[in-house]
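Student: After the structure tokens below, expect a handful of questions from me.
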Amino acid sequence: MKLQDKHKYDSTVEGLENHFLIDSEDNFFINSPAIISLDTTLIRNQTYLLIDSVKDKNGKMYPVLFLDAYFKDGMVYLFVQDMLTQRIFTLDLCLECTDEKNKWVLIDLKYTNKLMDYKTIKSYCGKC
């Protein structure tokens, strides 16, 4: 059973407001600057890069496995597992607090690879 089954929300309203949506394959569309991926969609059991303490110069960066998420009262709770320590923890994200900066960012590794490829090709073609 998914966590969202235990925490009901109005999927129509949230979908129309472009905040939070679960598709037919149980992928999570979360419209937030804290989620950086090709289409702001998180896929279960996929590895992401978590950058903690974005404001701090000594921020930590480590791979995490995205396990599950649920939406309740304007907050999204993401359950992730640290790939190094195997510790499971929760990241909370307020979708209604658009002016607040997040303390963390979750980046899709596929997005990062495509961005690096693009920059490499652009730098190579720019020299021709």
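Student: How many nm separate the modelled label positions at ASN45 and ASP23, each set 7 Å beyond the Cα in the direction of the Cβ?
Tutor: Spacing of the two 7 Å Cα→Cβ label points: 1.8 nm.
Student: If you build the Cα gyration tensor of the range 28-108 and take the root of 5 times each eigenvalue, what three semi-axes come out, in whole angstrom, biggest first?
Tutor: Semi-axes from the Cα gyration tensor: 18, 16, 12 Å.
Student: Calculate, in nm to one decimal, what MET116 and ASN31 gain on full extension: separation in residues at 0.36 nm each, minus their alpha carbon distance.
Tutor: 28.3 nm
Student: Given R₀ = 35 Å, what would the calculated FRET efficiency be for SER123 paired with LEU65, taking r from the Cβ atoms and rounding to 0.05?
Tutor: FRET efficiency, SER123 to LEU65: 0.60.
The numbers here are math on the coordinates, done by the rules we state, and not lab data. Just so we're clear, the structure is a prediction, and the values are computed from it rather than from any experiment. Every residue, glycine among them, receives a Cβ derived from its backbone with ideal geometry; neighbour counts consider all protein chains shown.
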